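Report on one structure; see the data block that follows.
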């Protein structure tokens, strides 16, 4: 067994970790969808333009739940060529969320 095999064995998720990621990803997605629905239905962005920041942050959090939380337990099954775009996507989503806080 070489060093790569040892690292791969350590990266295996337990049932508890898998349940954690999937349940939090699903619940986070549902809550973010509810917030977006409320924002699109009830908020007048002409009257309160700062609410656009809330919508942007909520959308970034929704993407984080969908792109990271729900796929993280299955990352070992992805082809290696998808690892770079996957992590660049996650990094970009987090950067957008943080930049919305600076506004």
Exercise. Can you pull out the residues in region 65-91 that are closer than 22 Å to residue 31 by Cβ and in a helix (DSSP H, G or I)?
Worked result: 65, 66, 67, 68, 69, 72, 73, 89, 90
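Looking at this structure, is residue 29 modelled with pLDDT of 80 or more, in contact with a helix residue (DSSP H, G or I) (Cβ under 8 Å, 6 or more places away or on another chain) and either surrounded by fewer than 15 Cβ atoms within 10 Å (Cβ to Cβ) or part of a helix (DSSP H, G or I) (or both)?
Details: modelled with pLDDT of 80 or more: yes; in contact with a helix residue (DSSP H, G or I) (Cβ under 8 Å, 6 or more places away or on another chain): yes; either surrounded by fewer than 15 Cβ atoms within 10 Å (Cβ to Cβ) or part of a helix (DSSP H, G or I) (or both): yes.
Criteria met by residue 29.
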Exercise. What number of residues within region 84-103 satisfy the criterion of being at pLDDT 90 or above and more than 14 Å from residue 58 (Cα to Cα)?
Worked result: 9
Exercise. Filtering region 72-95 down to residues that are in contact (Cβ under 8 Å) with a residue 40 or more places away in the chain and buried (at least 16 other Cβ atoms within 10 Å of the Cβ), which residue is farthest from residue 35 (Cα to Cα)?
Worked result: 73
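The values are calculated or read from the model by the stated rules, or taken from the named source; none is laboratory data. Given the structure is predicted, the values throughout are model-derived calculations rather than measurements. All Cβ positions, even for glycine, are placed from backbone atoms using ideal geometry, and neighbour counts span all protein chains on display.
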